[in-house]
Amino acid sequence: QVQLVESGGGLVQPGDSLRLSCAASGRTFARNAMGWFRQAPGKEREFVAAINWSGGYTYYADFVKGRFTISRDNAKNTVSLQMNSLKPEDTAVYYCAAAPSAGRAVEVYEYNYWGQGTQVTVSS
């Protein structure tokens with residue numbers, strides 16, 4: 001029901017910034033909680049950040065607090081992840097996801113729709 005397409009990944013050096021974008025289609029987007037997850041090679045997909053339906057509440061994994069910011073623009077059907085002070089351990093494929101919930105959703109199993117992912121590589 002919700003189609004998601006990520007963009008904005010790339011190769012950066014430690015300390016640099018990237019802004020990931022997720023374009024969504026589907027009439028239910030504005031009532032879906034949205035999240036960003038990441039998956040490094042050989043590791044499980046992990047929660048990064050989430051935002052409730054209205055954008056009034058945000059949730060972050062401890063390892064990105066103070067560095068990453070999630071936002072959404074329901075009028076444009078987009079969700080973004082501003083990533084600052086990037087570290088090598090942030091290297092992963094980043095996925096945008098939509099949840100049936102309109103509120104807090106911070107687990108992989110809480111999400112129904114996923115984008116294809118965009119690669120973020122942080123290396124000197």
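Observations, loosely collected:
- Computed E for Arg19/Asp62 - FRET, C-beta separation, R0 25 angstrom, nearest 0.05: 0.70
- Charge dipole magnitude, Cβ of K and R +1, D and E -1 - the range 1-69, Cα centre, debye nearest 20: 160 debye
- Label-to-label distance for Thr69 and Arg31 is 3.0 nm, based on points extended 7 Å past Cα in the beta-carbon direction.
- Net dipole in debye of the range 30-73 [+1 Lys, Arg Cβ; -1 Asp, Glu Cβ; about Cα centre; nearest 20]: 40 debye
- Bridgeable aspartates and glutamates around Lys87 (alpha carbons under 20 Å apart, same-chain partners fewer than 8 residues away excluded): Asp16, Glu44, Glu46, Asp62.
- The GluC sites (Glu not before Pro) of the range 69-124 that DSSP puts in a loop, and whose beta carbon has at most 15 other beta carbons within 10 Å, are Glu107.
- Cα-based convex hull volume of the chain per residue, rounded to whole Å³: 87 Å³
- Here each label is just a point 7 Å from Cα along the line to Cβ, and for Gln3 and Gln116 those points are 1.1 nm apart.
- Cα lying deepest toward the dipole's positive end in the chain, options Gln39, Ala23, Phe68, charges on Cβ: Ala23
- Accessible surface of the chain [probe 1.4 Å, protein heavy atoms]: carbon and sulfur percent: 46 percent
- Calculated accessible area for the range 1-95 comes out at 50 Å² per residue, all protein chains present (probe 1.4 Å; ligands, DNA, RNA ignored).
- Around the Cα centre of the chain, unit charges on the Cβ atoms of Lys, Arg, Asp and Glu (plus for the first two, minus for the last two) sum to a dipole of about 300 debye.
- Loop-located chymotrypsin sites (Phe, Trp or Tyr not before Pro) in the range 1-47 (DSSP state not H, G, I, E or B) with no more than 12 neighbouring Cβ atoms inside 10 Å do not occur.
- In sequence order, the range 111-124 has phi-based couplings of 10, 9, 10, 9, x, 7, x, 9, 7, 10, 10, 10, 7, 9 Hz under the Karplus curve 6.51 cos²θ - 1.76 cosθ + 1.60, θ = phi - 60°, and Gly or Pro positions carry x.
- Restricting the trypsin sites (Lys or Arg not before Pro) of the range 17-93 to loop positions (DSSP other than H, G, I, E, B) with no more than 14 neighbouring Cβ atoms within 10 Å leaves Arg27, Lys43, Lys65, Lys76.
The values are calculated or read from the model by the stated rules, or taken from the named source; none is laboratory data. As the structure is a prediction and not an experimental result, all values here were calculated from the model. In this analysis, Cβ positions are derived from the backbone assuming ideal geometry, glycine residues included, and neighbour counts consider all displayed protein chains. Only protein heavy atoms, including side chains, enter the accessible area calculation; ligands, DNA and RNA are left aside. Shrake-Rupley method; radii C 1.70, N 1.55, O 1.52, S 1.80 Å.
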